[in-house]
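These notes are about the structure you will find just below.
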Amino acid sequence: MPTWLILILVGVVLVVLGVATTIGHWLIWIGVIVLVVSLILGLVGRRGSRV
């Protein structure tokens, strides 16, 4: 399971349960950031290997 998915799932569970909602929000945002960065790196890596 990817790291970004684990972070988002744990954050959502914490927010839904109402336990450590601030930490849950941070985990969701960190998960989204990791997802975006990994997508950008994947696209750049793919583009670089074509040349």
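Can you name the condition, by its number, that Arg46 falls short on among (1) touching a helix residue (DSSP H, G or I) at 6+ places or on another chain (Cβ under 9 Å); (2) in a helix (DSSP H, G or I)? So the condition that Arg46 fails would be (1). Could we say that Ile8 is open to solvent by 80 Å² or more (accessible area, probe 1.4 Å), assigned to a helix (DSSP H, G or I) and of a type in the set (A, V, I, L, M, F, W, C) here? So Ile8 fails the test.
Answer with yes or no whether Val13 is without any contact (Cβ under 8 Å) to a residue 24 or more places away in the chain and either part of a helix (DSSP H, G or I) or surrounded by 13 or more Cβ atoms within 10 Å (Cβ to Cβ) (or both). Considered against the rule, which asks whether it is without any contact (Cβ under 8 Å) to a residue 24 or more places away in the chain and either part of a helix (DSSP H, G or I) or surrounded by 13 or more Cβ atoms within 10 Å (Cβ to Cβ) (or both), Val13 comes out as yes. Consider the stretch 21-51 and keep the residues that are of a type in the set (Gly, Ala, Ser) and either modelled with pLDDT of 90 or more or under 21 Å from Met1 (Cβ atoms) (or both). The one that is most open to solvent (accessible area, probe 1.4 Å) is Ser38.
The values are calculated or read from the model by the stated rules, or taken from the named source; none is laboratory data. Note that the structure is a prediction, hence the values are computed from the model and not measured. FYI the Cβ positions are ideal-geometry reconstructions off the backbone, even for glycines, and counts take in every protein chain you see. Surface accessibility is based on the protein's heavy atoms, side chains included, excluding ligands, DNA and RNA. Shrake-Rupley method; radii C 1.70, N 1.55, O 1.52, S 1.80 Å.
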